Amino acid sequence: MADSARERIVTGANDTDSSAERRATELLRDRAQRNSNSPGMNDLRPRRFADYIGQRDVVNSIQIAVEAAKHRGDTLDHALFHGPPGLGKTTISQIIAREMDTTLVHTSGPALERPADVVGILSNQKYGDVLFIDEIHRLSHAVEEYLYSAMEDFRVDFITGTGAFAKTINLPLQKFTLIGSTTRAGMLSPPLRERFALTYHLDFYSDEEITQVVKRSAMILSVPIDEAGAEVIAKRSRGTPRIANNLLRRVRDFAQVRGDGKIDSGVAAEALRVEGVDELGLDRLDRLYLETLAKNYGGGPAGINALAASANEEVQTLEDVVEPFLLKIGFIMRTPQGRRATPQGMMHVGAPIESSDAGQRSLL
Ligand code: ADP
């Protein structure tokens with residue numbers, strides 16, 4: 001059976017989504033792909049553990065769990081992946097399903113609006129199937145409660161009818177594996193979090209690993225690229241494979257139109273400059289955030305709500321999409337008083353460093 005045929009995608013409209021959540025979700029899904037409608041994103045996804053670059057500790061641990069489960073003829077324990085968007089949580093989940101030789105059913109927290117949605121999916125699962133729930137932190141409380149017994153005892157109890165006609169139905173389920181993916185592990189309720197026997201954090205990739213991702217993707221897309229060109233793209237990819245792939249496509253287009261189709265360091269740097277991606281990989285939104293903090297708030301401390309209002313952005317977008325990488329490269333700090341720009345962050349947007357001290361003094 002073809003790999004693609006083994007994945008079912010279950011979606012559903014969610015009228016109750018706030019526009020803030022929707023906006024953040026869009027950005028989370030594909031921050032750098034906003035202008036890209038190129039097909040074939042799936043073609044770049046590694047299909048086996050051996051092709052999955054980086055995250056060695058995570059991959060080693062999962063490989064052991066998968067091998068052991070297969071050896072016992074059992075299903076894999078429920079697993080939770082958390083970490084910033086675009087780092088490979090969906091990809092590794094698909095690899096797990098493939099290596100376990102089962103079907104992956106793909107859905108998301110916001111799509112599972114009513115308990116009936118989740119009961120419907122669960123009752124259709126076959127033995128060993130993987131139910132992948134993206135953005136699992138956005139499950140409604142009612143839906144989450146159904147998952148507790150489903151995950152632990154492989155059954156759901158639901159009530160039909162009302163009043164005197166109310167009846168509890170116990171529905172046994174096939175043993176399955178739930179894989180949850182989230183950018184916000186902290187937002188998961190403890191009872192749900194505790195039901196995942198396997199929990200993994202995916203971290204940003206090193207420049208070397210991202211260079212490998214770029215070279216691998218260029219090969220699949222048949223784009224000629226030299227080592228230096230791949231390194232330039234990698235350095236500006238914010239340690240994130242999804243961004244690397246998207247930037248590669250943008251550079252490929254530039255090379256095709258303005259050059260001879262080949263990517264070297266000069267072509268890559270010029271293409272990314274045109275795209276508004278700076279040498280550290282920060283884009284318009286990152287710079288807007290930093291500039292607001294550095295210039296409007298003298299480097300902080302500033303509360304996230306105030307920053308979001310000044311930058312005209314959603315809090316969730318700033319927290320999930322912008323801040324993780326700025327924290328990682330040491331441009332900002334989260335303090336009990338609020339966000340602060342570090343001297344490196346201030347310098348990056350050309351703000352005078354003394355103003356950071358002034359900002360602090362004004363609060364004393
Ligand atoms: P997430 O679910 O964490 O948001 P995805 O799994 O959707 O991220 O990954 C985004 C893209 O990045 C994928 O389409 C895939 O091509 C690429 N990718 C992710 N992780 C890796 C990896 N370890 N090696 C190579 N490519 C990767």
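Nearest 5 percent is fine: what portion of the DSSP beta bridges confined to the chain is antiparallel?
35
Relative to the longest principal axis of the C-alpha atoms of the chain, give the angle of the C-alpha long axis of helix 354-363, reported between 0 and 90° and rounded to the nearest 10°.
Helix 354-363 sits at roughly 60 degrees to that axis.
How far, in degrees from 0 to 90, does helix 265-274 lean away from the longest principal axis of the Cα atoms of the chain, to the nearest 10?
80
Which residue, Ala255, Ala164, Ala294, tops the fluctuation ranking in a GNM of the chain built on C-alpha contacts under 10 Å?
Ala164
Work out how much length Glu270 to Thr168 would gain on full extension: take 0.36 nm times their residue separation and subtract the Cα-Cα distance, in nm to one decimal.
Going from the current span to full extension adds 30.3 nm.
Treating only the Cβ atoms of Lys and Arg (+1) and Asp and Glu (-1) as charged, compute the dipole magnitude of segment 207-274 about its Cα centre; round to the nearest 20 debye.
Dipole size: approximately 360 debye.
Name the residue, out of Pro301, Pro241, Pro85, whose mean-square fluctuation peaks in a Gaussian network model built on the chain with Cα pairs under 10 Å.
Fluctuation is largest for Pro301.
GNM, the chain, Cα, under 10 Å: largest mean-square fluctuation among Ser108, Ser61, Ser181?
Highest fluctuation of the listed residues: Ser61.
Within a 10 angstrom radius of the beta carbon, how do Ser206, Ser310, Ser237 rank from fewest other beta carbons to most?
So the ranking, lowest neighbour count to highest, is Ser206, Ser310, Ser237.
What stretch of the chain, leaving out the sites themselves, is the longest with no trypsin sites (Lys or Arg not before Pro) in a DSSP loop having at most 15 other Cβ atoms within 10 Å?
With trypsin sites (Lys or Arg not before Pro) excluded where exposed in loops, the chain gives 263-364 as its longest stretch.
If you bin the C-alpha pair distances of segment 207-274 every 5 Å from 0, what whole percents do you get?
Whole-percent P(r) values from 0 Å outward: 4, 22, 36, 27, 9, 2.
So how many Å³ per residue does the convex hull of the Cα atoms of segment 155-248 work out to?
In segment 155-248, the Cα convex hull volume per residue is 182 Å³.
Provide the three semi-axes, in whole Å and in decreasing order, of the ellipsoid equivalent to segment 206-364 as defined by the square roots of 5 times the Cα gyration tensor eigenvalues.
Value: 35, 14, 13 Å, ordered largest first.
Place +1 on the Cβ of every Lys and Arg and -1 on the Cβ of every Asp and Glu in segment 197-285, take the dipole about the Cα centre, and give the residue among Thr211, Phe254, Ala268 whose Cα lies farthest towards its positive end.
Going by the charge dipole, the pick is Phe254.
In debye to the nearest 20, how big a dipole does the chain give about its Cα centre with +1 on each Lys and Arg Cβ and -1 on each Asp and Glu Cβ?
180
Using Cβ contacts closer than 10 Å as the measure, can you line up Phe158, Phe204 from fewest to most?
By the 10 Å Cβ count, ascending, the order reads Phe158, Phe204.
How far apart, in nm, are two points set 7 Å out from the Cα along the Cα-to-Cβ line at Asp74 and at Val315?
The two pseudo-label positions are separated by 4.2 nm.
Sequence-distant or interchain residues sharing an amide H contact under 5 Å with Arg339, placed H: which?
Under 5 Å from the amide H of Arg339: Ala302, Gly303, Ile304.
Here, each number is a calculation from the coordinates, and none is a lab measurement. Quantities reported herein were computed from a predicted structural model and do not represent experimental measurements. Here the Cβ is made from the backbone with ideal geometry for all residues, glycine too, and neighbour counts use every protein chain on show.
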